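Asks: Pasting a structure here, questions to come.
The values are calculated or read from the model by the stated rules, or taken from the named source; none is laboratory data. In this text the structure is predicted, and so the values were computed from the model without any measurement. Don't worry about glycine lacking a Cβ; one is built from the backbone with ideal geometry, like all the others, and counts go over all protein chains shown. Keep in mind that these areas ignore ligands, DNA and RNA; they rest on the heavy atoms of the full protein, side chains included. Shrake-Rupley method; radii C 1.70, N 1.55, O 1.52, S 1.80 Å.
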Amino acid sequence: MLTVLMECRDQEAELAQTLSILVTAAVEGLVSDVIVLDHASRDGSSRVADAAGCRFHNHWDIKDVLRSARGEWLLFIEAGARPQSGWIEEVIEHLAIHKQPARFSPSRNYRRPFLQRIGRSVPPLEYGLILPKKSAIAVAKSGMSLEALAKGHKATKLMSQLIPAWVVKSR
């Protein structure tokens, strides 16, 4: 089982898009719970999370949040990111066979312009991160963001593609 964690700040629409993709994974038994960590949103992010059955935290300690996750594996993803078709089966297979972290592949249809890709380091959550819960708890420190928690993990690249969150922001 997988727990999905996202951080948001005034990202009601982006949050709704990502959560809508996760519904099928929940129905198929992959996603056990979704935790949304809020940074003082003033929009309807809390209502969207509540309507989707997510746990929504305004104030949190990352270690407590990680310990409370139901899944033995965690998916850190940005609000607005959307895994593409086939991801559920591939993630189920990865969790059953492998022990190492994984990231989605970049979407071939949504790429940054060539000049923006040169010399650019990819943010740690741009393509999500699937990580064993034990590993996340071991490196977590109070006050740490999901992005900081995702840094430095050597991850397998999944074949399944992910449309990154920046695509929604750029439109």
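Asks: Mind listing whichever residues of segment 1-47 are closer than 17 Å to residue 80 by Cα, of a type in the set (Asp, Glu) and over 13 Å from the mean Cα position of the chain (by Cα)?
Replies: 10, 12, 38, 43
Asks: Separate question: Can you find a residue that is surrounded by fewer than 18 Cβ atoms within 10 Å (Cβ to Cβ), part of a helix (DSSP H, G or I) and in contact (Cβ under 8 Å) with a residue 24 or more places away in the chain anywhere in segment 97-112?
Replies: no
Asks: From (1) in a loop (DSSP other than H, G, I, E, B); (2) at pLDDT below 95; (3) open to solvent by 50 Å² or more (accessible area, probe 1.4 Å), pick out the condition that doesn't hold for residue 41.
Replies: (3)
Asks: Report, by residue number, each residue of segment 124-171 that is part of a loop (DSSP other than H, G, I, E, B) and either touching a helix residue (DSSP H, G or I) at 6+ places or on another chain (Cβ under 7 Å) or open to solvent by 60 Å² or more (accessible area, probe 1.4 Å) (or both).
Replies: Scanning segment 124-171 gives 124, 125, 140, 141, 142, 143, 144, 151, 152, 154, 170, 171.
Asks: Take residue 56 and decide whether it is in contact with a helix residue (DSSP H, G or I) (Cβ under 6 Å, 6 or more places away or on another chain) and in a strand (DSSP E or B).
Replies: yes
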